[in-house]
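Here's the structure, in structure tokens; my notes come after.
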Amino acid sequence: MARVKQVSEQEARGDVERVYHELRRTMRVTGVDVSLRTWAAWPRFFVAMWEAMGPNVETRAFEESALELWQQTLDTTVAWDELGAWEAAKLGPSQRFHVRGVLELYETMLPRVTLMVAAVRLALEGQRVGRGESPGVGERLERGAPSRMAAMEWVAEKPTEPGVKAVFADIVKTVGPPGVPGEYRALACWPGYLEAAWRRLKPRIGDASYQQAAEVLRESARRRARELPYVVTLSRQRVTALGEDADAVLKVTEALERRGTVLLLNLSQLVQDVPDMLRQPMPGAARLVPDWVAAEELR
């Protein structure tokens, strides 16, 4: 796959910058995930994708479906041998606090992104996504990240430190393109922990049972995407009409979906390796506003 340049939050302009802001607020996180930054390389598709997905993403139904997908992932890995990376890494109390914060951020974000990617791929393949409920009938969540959520901070995708550079290259080679997943770029702020974790994760990923577990989660994400409340009006024909390369968009989306559930399994093991971890994202509060207000805010 040809390398796709991600659009950073600092580089985003115009409608892409607006969508980034709405994504952070609606998904209730402190930054924009690598998968979404990759889609933004096709700006007209990216805006159309959000217009199609946004009404679902802000609903309680979407949140609960993502939480159920995450719980399924935790249940899958709970009986596996612990990684032992947490004890192996030489981290002080403050460093451990911040690593926990990164893992909590990504256990909130990654299931939601995985569900979004599944929905977009199905739509691009011409499959129906969403039950077809009337717009605005589903309960919406209050926007904005919880005050306790860690900021999204990353090491550069092309780091200068040789050890981190080698780990990044190995991660992409193992989990697939496009780019270094955001959780690993964040954990690279503590290279000793990242190296200890990856050294233990990598041998497991190649196992047939691991890949089978990832496939089960992938099908679960697709099933949950089909049951979202609102129809996702997105198609390859729509992407082409917008002047974007629909084949390239679909190819990248397939790659994101293919590796997404592997990353979920990896994250689940990292979370379960940490003592006194929150382990469950904070549920959102109901959003008690009129439908027309929500509709205007999504414009």
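The values are calculated or read from the model by the stated rules, or taken from the named source; none is laboratory data. Keep in mind that this is a model prediction, so the values were computed, not measured. Note that each Cβ is placed from the backbone with ideal geometry, even for glycine, and that neighbours are counted across all protein chains shown. Each accessible area value is taken on the protein alone, full model and side chains, heavy atoms only, with ligands, DNA and RNA left out. Shrake-Rupley method; radii C 1.70, N 1.55, O 1.52, S 1.80 Å.
Observations, loosely collected:
- Under the combined filter of DSSP loop state and at most 16 neighbouring Cβ atoms within 10 Å, the stretch 1-107 retains these chymotrypsin sites (Phe, Trp or Tyr not before Pro): 80.
- Label-to-label distance for residue 98 and residue 44 is 4.3 nm, based on points extended 7 Å past Cα in the beta-carbon direction.
- Paramagnetic label zone (point 7 Å from Cα along Cα-to-C-beta, residue 216; backbone N under 12 Å) in the stretch 60-99: 72-80
- Within the accessible area of the chain (1.4 Å probe), percent carbon and sulfur: 52 percent
- Gyration tensor (alpha-carbon) shape descriptor, the chain, a/c threshold 1.5: prolate
- Spatial offset of the stretch 39-114 relative to the stretch 208-265 amounts to 16 Å, using the alpha carbon center of each.
- Extension gain (nm, one decimal) between residue 5 and residue 240, 0.36 nm per residue minus Cα-Cα: 82.6 nm
- Crossing angle, helix 14-27 versus the chain [Cα axis fit, 0-90 degrees, rounded to tens]: 70 degrees
- Against the chain, whose longest principal axis comes from its Cα atoms, helix 208-226 is set at around 20 degrees.
- With protein chains left intact and a 1.4 Å probe, residues in the chain average 44 Å² of accessible area per residue.
- Sequence-distant lysines (8 or more away, or on other chains) whose Cα lies within less than 19 Å of residue 5: 158, 165, 173, 251
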